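First the structure, in the form of structure tokens, and then the observations on it.
The values are calculated or read from the model by the stated rules, or taken from the named source; none is laboratory data. Given the structure is predicted, the values throughout are model-derived calculations rather than measurements. Methodologically, a virtual Cβ is constructed for each residue, glycine included, from the backbone with ideal geometry; neighbour enumeration extends over all protein chains shown. To get the accessible areas, we keep the full protein, side chains included, count just its heavy atoms, and leave off ligands, DNA and RNA. Shrake-Rupley method; radii C 1.70, N 1.55, O 1.52, S 1.80 Å.
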Amino acid sequence: MIKPLSLASFNWKVLLKSLFCQVLVLAIVMAFGVTVFGDLARDVMRVLGESNLREFANSTIASIINGTFNSADFTAQLNAVISNVQENIKSIHYPFAWGGATLSYIVVVLTLLVYRLFVSYTDVTVECQLEEFMTSNASRPFIWFLLKKQGKTWAFSALQLLCTVPLDLLIITGCLGLYLTFLIAFGWWTIIPVLIIALVLYAARQTVFAFCLPAVVCEDMSARQAFKYGASRIVFRFWSVFWKTLIVIGLMAAISAAALVHISNPVWCTVVITIPNLLLFFYLKCVNIVEYFNAHNRPYFYKRVVIEGTDRYNKRLARKQRKTK
């Protein structure tokens, strides 16, 4: 845990650049969507805002913490949220001569999928910077990797989307089914082990694909080859990666739950949830690539050192010589 933390701390500028690029690209996509689709894009955002998902999560978490959770109320609130989303989706104005509610559902789903796709837009670039730092203790410009790796960036993002979304849906439906199955026998506290199981399964899902991104960069493989290779190599380091991933995912869940319960302002709540989670996801990338290097017995740098003959060494030497004059 210490080496990935050190690696992350010495590459904090990479995190900031990645965050800036993600915000910029998402802003461009959203601006394009609003310009082209107009009322349709605004209606989609309204549906997401009026779904009451935040209020539902807030009340559920608060009731679990203070011991007042009621399974009947939970089911009623869940049904109300689903009905609310369905009604809002039906009210979306669509600019085409076909589709109606069906097109509205498609637009909402596509919006969520596009968001998932662009969230990982800078993953390959970030991994290239980490790999270069670990192998040579140097770093080329962030924008250089971002432009050079466009092909692998989109291939990896698309393949990751295809692999992870079905598993995420399976985890959600499976845990919900488990909750409903044991609700009658064990009562309201069934929700607690179900939430723990959901966290464990999500951490396992993250672990299964942990070596895919490092394989794209370190082995210079295509995205398809990297997913096959990464999934085969993680078997030998699964538990070492899994428990670290579980700790990170647990911290994310704790921060998100605390923000939903204690922060009423939606803007500040979103900020408090988003920023720590981005930091933790960056740290998780550092964990994965360090474990990847360990699995292949490769030497690596995890902190900045001055190597004789490098540009950093020459600059430091020149500064010392100027001070001594």
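Structure summary
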| read-out | value |
| --- | --- |
| Among the candidates 246, 278, 260, residue that is at pLDDT 85 or above, out of contact with any Pro (no Cβ under 8 Å at 6 or more places or on another chain) and of a type outside the set (Val, Ile, Thr) | 246 |
| Any hit, the range 167-180, residues being open to solvent by 90 Å² or more (accessible area, probe 1.4 Å), part of a helix (DSSP H, G or I) and modelled with pLDDT under 80 | yes |
| Condition check for residue 161: touching a helix residue (DSSP H, G or I) at 6+ places or on another chain (Cβ under 9 Å) and open to solvent by less than 50 Å² (accessible area, probe 1.4 Å) | yes |
| Failed item in (1) of a type in the set (A, V, I, L, M); (2) open to solvent by less than 40 Å² (accessible area, probe 1.4 Å); (3) within 21 Å of the chain's Cα centre (by Cα), with residue 134 passing the rest | (3) |
| Meets criteria (open to solvent by 50 Å² or more (accessible area, probe 1.4 Å), in contact with a helix residue (DSSP H, G or I) (Cβ under 6 Å, 6 or more places away or on another chain) and assigned to a helix (DSSP H, G or I)) for residue 255 | yes |
| Residue satisfying condition, being assigned to a helix (DSSP H, G or I) and open to solvent by 30 Å² or more (accessible area, probe 1.4 Å), within set 214, 193 | 193 |
